[in-house]
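Notes follow once the structure below has been shown.
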Amino acid sequence: MANVEQTEILIIGAGPSGAVAAGLLRKQGRKVLILERETFPRFSIGESLLPQSMQYLEEAGMLQDVVEAGFQYKNGAAFAKGDMRTEFDFRDKFTPGWGTTYQVQRANFDKVLADAAEKAGAEIRYRHTVTAVDVSGEQAVVSVRSDTGEEYTVQARQLLDASGFARVLPRLLNLERPSDFPVRGALFTHIEDGIAGPEMDRQKILISVHPVHQDVWFWTIPFSNGRCSQGVVATPEYLARYEGTEVERLRAIIAETPSLSHVLRNAKWDTPGRSLNGYSANVTSLWGKNFALLGNAGEFLDPVFSSGVTIAVKSASLAAQCIERTWRGEAVDWQQDYALPLQAGVNTFRAFVSGWYEGGFQDVIFREHHTPEIRRMIASILAGYAWDKNNPYVAEPVRRLGVLRELCRKPDVQGVPA
């Protein structure tokens, strides 16, 4: 019979949501075990953080570790489409809070957070794979296989799935449901970018739109070491038009976009490319008896506004608050206290992502004349503050964005009102 272990909190996955949850739970004095199927550092995308995430890194006691790691400072986002270009400075925003953050190579960033979780007293077992889960009893019962083939069982009072795109609990507990987002794919790599001079602000992510196809866009995320993450997002049908390796296909699409081709004219394409298709995902529920889904294990929208890590660490914070109340003997309604609050911010991002691909939000972004207050409200959401109901574009994202889009399409509107 397999060995049986006991822990208070079992977390599947040592990425940002798992590590931050562990840091928060260790502050509560909980016994935390993390099972991670890979070895860190390991490659991941989602490299441009949003300022809102800094609050949760700080709460988890990991801010100093991140600051001292030497990542690329980030203070905003730049957008380019044909001859049009605009920038948002996240320090000039509607919502109080952090206005700066970092652009990170996730292999290093995730390792920094995982090491901080271990330093705080969490145990991480790398190359241990969850093979089965039973949440029907008083405790969650998890079957595990180590890299040496050893099989054992862990019983936990609370199980958190922070497995990201591996989506362990959605798969094992049949929670998956199709995303209502159109299927898209991505081609990406890391390059020695060779960017010099003022043509690109390394303190901002650059989002470039294809000059002909508005639903095809590129990310350029500078790192602190002269390298950057470069990718393109489009429908699988569009990406399938191009032949060759991932890098050859990526470069061919960039060649159709003169503004980005110019920025990357001195780049050295020295790393094999990767691809990701059909990445949007959803679930029937974000929680159940003795378990909750964090970050991408629950729902992933789209990378266009870099919301993934922010949603991940926000979910970790909300889950840790629910667990703390449970340990105090309070009755916790995970739907009201976890799922709905988390979903509120996700729905804000959803409205803006949908608006981006429909083209309306692109009209808003590239509009030359906005009142400063509207720019600050939009900057807040682009900075990750998608839970601030004081922001009208959070309180009513679909309606407000629709009104703004229509006003922006009128040719001579100066200073569009809120």
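The values are calculated or read from the model by the stated rules, or taken from the named source; none is laboratory data. None of the values given here were measured: they were computed from a predicted structure. Using ideal geometry, Cβ is built from the backbone for each residue, glycine included, and neighbour counts are taken over all protein chains shown.
Worth pointing out:
- Scanning segment 243-272 for residues that are out of contact with any His (no Cβ under 9 Å at 6 or more places or on another chain), assigned to a loop (DSSP other than H, G, I, E, B) and closer than 21 Å to L206 by Cβ yields a total of 6.
- Residue count, segment 386-397 (criterion: surrounded by 15 or more Cβ atoms within 10 Å (Cβ to Cβ) and outside any loop (DSSP other than H, G, I, E, B)): 4
- From D201, D161, residue being acidic (D, E) and surrounded by fewer than 22 Cβ atoms within 10 Å (Cβ to Cβ): D201
- Considering each residue of segment 143-151 in turn, at least one proves to be crowded, with 17+ Cβ neighbours inside 10 Å and within 28 Å of the chain's Cα centre (by Cα).
- Scan of segment 346-377 for residues that are within 19 Å of G99 (Cβ to Cβ) and over 18 Å from the mean Cα position of the chain (by Cα), ordered by number: I365, H370, P372, E373, I374, R375, R376, M377
- The condition (being under 15 Å from the mean Cα position of the chain (by Cα) and in contact (Cβ under 8 Å) with a residue 60 or more places away in the chain) is satisfied by just one residue among G273, G288, G295: G295.
- Filtering segment 260-288 to residues that are under 28 Å from A386 (Cα atoms), surrounded by fewer than 16 Cβ atoms within 10 Å (Cβ to Cβ) and either out of contact with any helix residue (DSSP H, G or I) (no Cβ under 9 Å at 6 or more places or on another chain) or among the β-branched types (V, I, T) (or both) leaves only T284.
- Within the set V247, V283, the sole residue that is among the aliphatic types (A, V, I, L, M) and more than 29 Å from I195 (Cα to Cα) turns out to be V283.
- Within segment 136-238, strands (runs of 3 or more DSSP E) holding 1 or more residues that are free of Cβ contacts under 8 Å to residues at least 24 places away in the same chain: 140-146
- The set of residues in segment 230-241 that are closer than 18 Å to G278 by Cβ and either surrounded by 15 or more Cβ atoms within 10 Å (Cβ to Cβ) or under 23 Å from the mean Cα position of the chain (by Cα) (or both) comprises G231, V232, V233, A234, T235, P236, Y238, L239.
- Residue list for segment 26-56, restricted to those being outside any loop (DSSP other than H, G, I, E, B) and over 14 Å from K119 (Cβ atoms): L33, L35, E36, S48, Q52, S53, M54, Q55, Y56
- Only one entry in S275, S285 is touching an Asp or Glu at 6+ places or on another chain (Cβ under 6 Å), under 30 Å from A162 (Cα atoms) and not in a helix (DSSP H, G or I), namely S275.
- Only listed residue being crowded, with 24+ Cβ neighbours inside 10 Å, within 24 Å of I124 (Cα to Cα) and of a type outside the set (S, T, Y), chosen from G46, G29, G61: G46
- Just one of the listed residues (E176, E138) is acidic (D, E), in contact with a helix residue (DSSP H, G or I) (Cβ under 8 Å, 6 or more places away or on another chain) and at pLDDT below 95, namely E176.
- Where helices (runs of 4 or more DSSP H) fall wholly inside segment 299-385, the ranges with 1 or more residues that are of a type in the set (S, T, Y) are 308-327, 340-358, 372-382.
- Residue tally, condition of a type outside the set (G, A, S), farther than 14 Å from C408 by Cβ and out of contact with any helix residue (DSSP H, G or I) (no Cβ under 8 Å at 6 or more places or on another chain), over segment 351-381: 5
- The lone criterion from (1) among the aliphatic types (A, V, I, L, M); (2) assigned to a strand (DSSP E or B); (3) crowded, with 22+ Cβ neighbours inside 10 Å left unmet by I124 is number (3).
- Looking only at segment 288-298, and only at residues there that are in a loop (DSSP other than H, G, I, E, B) and modelled with pLDDT of 90 or more, the one that is nearest to Q335 (Cα to Cα): K289
Residues are listed down the side, and each one gets a yes or a no for (1) outside any helix (DSSP H, G or I); (2) of a type in the set (A, V, I, L, M); (3) free of Cβ contacts under 8 Å to residues at least 12 places away in the same chain:
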position	(1), (2), (3)
F79	yes, no, no
E87	yes, no, no
D92	yes, no, no
W98	yes, no, no
A107	no, yes, no
D110	no, no, no
A116	no, yes, no
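- Hey, T101 of a type outside the set (D, E), at pLDDT 95 or above, under 29 Å from A395 (Cα atoms) and in contact with a Lys or Arg (Cβ under 7 Å, 6 or more places away or on another chain) or not: yes
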